[in-house]
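Working notes, structure below.
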Amino acid sequence: MKLTTINGKTIYGSRFYSLELAESCVSRMIKPGRIILGDFSEYWVVLPVDAERLVRAGYEYAI
């Protein structure tokens, strides 16, 4: 699912409204995932490369 666009790069991931569900998603992923505090009290699960882009753009890691 498209989450946002940072500097022309579309960031895809999964959107959750609870940290527990986001953590559950990450624990089941084949590839490594990171949890970012998204917009409007959301938790975004994204790949590490996208997490770094989001952090550089001002977002924060959830844990």
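Of all residues in segment 42-56, those satisfying the criterion of being aliphatic (A, V, I, L, M) and crowded, with 21+ Cβ neighbours inside 10 Å are VAL45, VAL46, ALA51, LEU54. Please determine, by comparing only the residues of segment 6-15 that are in a strand (DSSP E or B) and in contact with a strand residue (DSSP E or B) (Cβ under 7 Å, 6 or more places away or on another chain), which one is surrounded by the fewest Cβ atoms within 10 Å (Cβ to Cβ). Filtering first and then ranking leaves THR10. Give segment 16-63 a look and list any residue that's touching a Leu at 6+ places or on another chain (Cβ under 7 Å) and outside any strand (DSSP E or B), or say none. Listed by number, the residues that qualify are LYS31, GLY33, GLY38, TYR59, ALA62. Scanning segment 18-41 for residues that are surrounded by 12 or more Cβ atoms within 10 Å (Cβ to Cβ) and in contact (Cβ under 8 Å) with a residue 24 or more places away in the chain yields a total of 8.
Quick note: the coordinates plus some simple rules give every number you see, no bench work behind them. Here the structure is a predicted model, which is why all the values come from computation and not from measurement. Methodologically, a virtual Cβ is constructed for each residue, glycine included, from the backbone with ideal geometry; neighbour enumeration extends over all protein chains shown.
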